[in-house]
Amino acid sequence: MKDLVAYQIVNFLEKKGVEHVFGLCGHTVIAMLDALKDSKIKYISVRHEQIAAHAADGYTRASGMKLPGVVLVHLGPGLTNATTGVAEAGLDSIPLVVIAGDVPSYYYGRHPHQEVNMHADASQYEIYRPFVKRAWRVDFPEALPEILDKAFRLAVSGRPGPVLVSVPMNIFSEQIDVSLFQQRIDNLLSLAKPSLDEEAAEQIVDLLAKAELPAVYAGGGVIAADACDELKALVEHFEMPVLYTLMGKGSLSDAHPLTVGMTGFWGTYFTNKMAREADALLALGTRMSEADCSSWYRDVTFNIPPTKLVHIDIEAQEIGRNYKTEIGAVADVKNALKVILKVAKEKYPKGFKRPEVISAIASYKQDFEKQREKFVKSDQYPMRPERILADLREALPQDGYVVTDVGWNKNGVGQQFPIYVPGTFITPGGLCTMGYGPSAALGVKLARPDRKVVALIGDGAMGANPSPMATAAQYDIPVVWVVMNNAAFGTIALLEKSHYDTMFGTVFEKPTGEPYSPDFAAIANAYGIKGVRVNKADDFKKALKEALDSNKPCLIEVYMENAPVPTDGVWDINNIYKKRPSEFF
């Protein structure tokens with residue numbers, strides 16, 4: 001029995017459990033759209049391919065990372081428009097399967113419409129090579145079932161990430177023996193993941209037990225591996241403080257007495273001090289990246305050595321990349337913690353008590369809140385960002401999702417906004433893409449229709465691409481966007497001001513020097529969703545509650561003072577700005 005390839009692809013996706021496909025049309029994928037029109041899969045049509053990639057990313061994170069998100073794009077500009085979103089997913093270890101239409105296979109080398117072939121024929125799919133786990137071009141129909149099977153398994157195995165399957169448009173419309181797809185549909189998607197042997201676990205447990213101040217450093221891999229319960233059990237048994245990366249925020253509730261906070265650029269003096277003074281550090285599912293480690297400067301966030309580093313990650317090349325490692329293990333974080341906890345309870349059944357550590361953390365949190373109190377309670381308008389975050393935390397249920405973009409809404413949230421439920425903080429940590437938040441929130445809400453979803457967005461990001469509101473209106477996706485408007489690319493403006501005493505090219509001004517901003521609330525109304533502009537601080541929380549209760553898409557615009565995120569971390573670029581070029585040589 002034979003069928004059209006496009007219909008068999010859609011059948012394959014259905015059997016794998018795919019419920020949504022995010023994409024944008026083009027002549028190379030019309031056959032796929034025809035196959036999707038009567039499918040139980042819901043196709044989400046967006047206005048820009050970057051939105052499709054970010055929405056699929058958010059959907060995948062919120063649905064638990066068990067199945068890759070699926071993106072459908074056209075060749076040429078469709079493929080290149082999606083690159084930023086796919087690259088963000090790659091650096092954040094988010095599994096995606098990108099299916100891209102390509103030129104007809106029999107036109108390779110003839111420069112057909114929209115093909116990118118300046119230096120090589122039929123090779124535009126290679127644009128994705130730097131940031132996907134693998135890029136396939138399908139050269140004949142019979143290869144497609146095997147490639148799709150490999151694509152789905154590769155995306156979620158090892159360190160998760162995106163893959164690309166480039167399909168010439170003529171292949172979508174060809175006939176194929178359905179048995180070739182049937183042989184692959186029930187192939188295993190989830191694989192048994194590596195764990196620790198008890199000997200390695202015993203070495204780790206003994207190192208932690210002998211340390212005077214052991215600490216855990218939780219990365220995004222803890223959440224991706226669904227290892228938060230195991231993390232909680234281990235740190236409570238040993239009473240070890242938990243520090244976290246930006247992506248690891250929420251792996252242990254910020255309300256837990258052992259949770260300290262985020263380290264690095266936007267860490268506080270206390271969090272960085274506790275990190276550098278730990279004599280043993282158990283790092284879990286983290287790349288030990290620059291932002292989280294204060295550009296790896298000694299005496300700021302980490303001092304490794306003498307701190308003894310135990311590093312567990314699913315990706316071998318991350319271990320020892322930036323710091324000398326005492327014990328390294330390639331393992332799934334959840335499986336590894338299960339074994340470590342088992343050994344810890346056997347060798348040290350009474351665990352450890354560190355009341356002085358818990359007391360110090362509690363005092364720090366109280367002091368930090370006192371420092372913020374005048375801003376949190378401030379009635380000034382434009383609002384203080386601290387007041388915006390505090391009002392949002394009060395209005396949003398504890399299991400609600402916060403999706404951020406970049407700037408105060410990422411760095412300030414990482415530092416100051418408590419997350420109580422693992423996985424409910426969604427942020428672009430790897431590529432730090434401006435414009436991530438408005439789109440990713442769509443996917444989060446589609447994955448978790450039972451939860452409230454708020455996207456915190458700067459006016460720069462919302463201005464870059466407001467069209468996620470069109471998608472929300474079209475499909476009635478009840479996301480609430482909060483536009484924190486400071487009429488600037490705020491973080492970069494302040495950085496430029498501090499080093500060059502100017503904000504040229506970073507603030508939005510009219511020729512007269514007056515601040516300029518579009519009316520985002522009016523734009524929302526034009527898109528067909530409710531837009532609200534808050535004009536005083538006391539109105540913000542009320543507007544937010546009304547928007548959340550309405551269960552409809554809504555945008556709330558609030559003017560915000562462009563205040564810096566307070567930090568005691570270090571960013572190497574500050575030193576670069578301070579030096580003259582000759583000082584580097």
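Within this structure, Phe504 passes the test of being surrounded by fewer than 14 Cβ atoms within 10 Å (Cβ to Cβ) and among the aromatic types (Phe, Trp, Tyr). Every condition in (1) closer than 19 Å to Ala440 by Cα; (2) of a type outside the set (A, V, I, L, M, F, W, C); (3) in a loop (DSSP other than H, G, I, E, B) holds for Gly78 except the one numbered (3). Put simply, of Met247, Met240, Met262 the only residue that is crowded, with 17+ Cβ neighbours inside 10 Å, over 24 Å from the mean Cα position of the chain (by Cα) and in contact (Cβ under 8 Å) with a residue 60 or more places away in the chain is Met240. Within segment 368-382, the set of residues being more than 30 Å from the chain's Cα centre (by Cα) and assigned to a helix (DSSP H, G or I) comprises Lys370, Lys374. The residues in segment 103-133 that are in a loop (DSSP other than H, G, I, E, B) and under 17 Å from Pro162 (Cα atoms) can be counted, and the count is 5. Looking across segment 535-551 at every residue that is touching an Asp or Glu at 6+ places or on another chain (Cβ under 7 Å) and under 20 Å from Met462 (Cα atoms), the one that is surrounded by the most Cβ atoms within 10 Å (Cβ to Cβ) is identified as Leu544. Please verify whether segment 97-112 includes one or more residues that are in the same structural domain as Leu36 (by TED's automatic domain parsing), closer than 23 Å to Leu33 by Cβ, at pLDDT below 95 and out of contact with any helix residue (DSSP H, G or I) (no Cβ under 8 Å at 6 or more places or on another chain). Within segment 97-112, one or more residues are in the same structural domain as Leu36 (by TED's automatic domain parsing), closer than 23 Å to Leu33 by Cβ, at pLDDT below 95 and out of contact with any helix residue (DSSP H, G or I) (no Cβ under 8 Å at 6 or more places or on another chain). What number of residues in segment 268-287 are out of contact with any Phe, Trp or Tyr (no Cβ under 6 Å at 6 or more places or on another chain) and not in a strand (DSSP E or B)? Adding up the residues that qualify gives 12.
For segment 234-272, the set of residues classified as closer than 21 Å to Pro564 by Cα and of a type in the set (Gly, Ala, Ser) consists of Gly261, Gly264, Gly267, listed by residue number. When the residues of segment 299-355 are filtered to those that are part of a loop (DSSP other than H, G, I, E, B), over 24 Å from the mean Cα position of the chain (by Cα) and of a type in the set (A, V, I, L, M), the one that is surrounded by the most Cβ atoms within 10 Å (Cβ to Cβ) is Ile304. All of Ser517, Ser498 fail the test of being surrounded by 14 or more Cβ atoms within 10 Å (Cβ to Cβ) and touching a Phe, Trp or Tyr at 6+ places or on another chain (Cβ under 9 Å), apart from Ser517. Going by the structure shown, is Ile127 in contact with a Leu (Cβ under 9 Å, 6 or more places away or on another chain), within 30 Å of Gln317 (Cα to Cα), modelled with pLDDT under 95 and not aromatic (Phe, Trp, Tyr)? Against the criterion (in contact with a Leu (Cβ under 9 Å, 6 or more places away or on another chain), within 30 Å of Gln317 (Cα to Cα), modelled with pLDDT under 95 and not aromatic (Phe, Trp, Tyr)), Ile127 qualifies. Looking at Leu442, Leu431, Leu456, Leu446, which one is touching a Leu at 6+ places or on another chain (Cβ under 9 Å) and either outside the structural domain of Trp481 (by TED's automatic domain parsing) or under 15 Å from Val479 (Cβ atoms) (or both)? Residue meeting the stated conditions: Leu456. Name the single residue, out of those in segment 114-166 being farther than 28 Å from Pro194 by Cβ and of a type in the set (Ser, Thr, Tyr), that is surrounded by the fewest Cβ atoms within 10 Å (Cβ to Cβ). Only one residue fits best here, namely Ser123. Restricting attention to segment 313-327 and to residues that are under 15 Å from Ser93 (Cβ atoms) and among the acidic types (Asp, Glu), the residue that is modelled with the highest pLDDT turns out to be Asp313.
Selection over segment 410-458 of residues that are in a helix (DSSP H, G or I) and either closer than 20 Å to Ile94 by Cβ or touching a Phe, Trp or Tyr at 6+ places or on another chain (Cβ under 7 Å) (or both) gives a count of 17. The set of residues from segment 531-585 being modelled with pLDDT under 95 and of a type in the set (Phe, Trp, Tyr) comprises Trp571, Tyr577, Phe584, Phe585. The set of residues in segment 356-370 that are surrounded by fewer than 17 Cβ atoms within 10 Å (Cβ to Cβ) and not aliphatic (A, V, I, L, M) comprises Glu356, Ser359, Ser363, Gln366, Asp367, Glu369, Lys370.
Here Lys365 fulfils each of the conditions (1) in the same structural domain as Leu456 (by TED's automatic domain parsing); (2) assigned to a helix (DSSP H, G or I); (3) touching a strand residue (DSSP E or B) at 6+ places or on another chain (Cβ under 9 Å) apart from (1).
Number of residues in segment 89-131 that are under 20 Å from the mean Cα position of the chain (by Cα) and polar (S, T, N, Q): the value is 1. Residue count for segment 399-434, restricted to those that are touching an Asp or Glu at 6+ places or on another chain (Cβ under 7 Å) and under 22 Å from Glu290 (Cα atoms): 7. If I ask for residues that are closer than 19 Å to Cys432 by Cα and of a type outside the set (Val, Ile, Thr), which ones from segment 468-484 would you list? Residues satisfying the conditions are Pro468, Trp481, Met484. Restricting attention to segment 179-205, the residues that are hydrophobic (A, V, I, L, M, F, W, C), surrounded by 14 or more Cβ atoms within 10 Å (Cβ to Cβ) and not in a helix (DSSP H, G or I) add up to 2.
The values are calculated or read from the model by the stated rules, or taken from the named source; none is laboratory data. In this text the structure is predicted, and so the values were computed from the model without any measurement. Note that each Cβ is placed from the backbone with ideal geometry, even for glycine, and that neighbours are counted across all protein chains shown.
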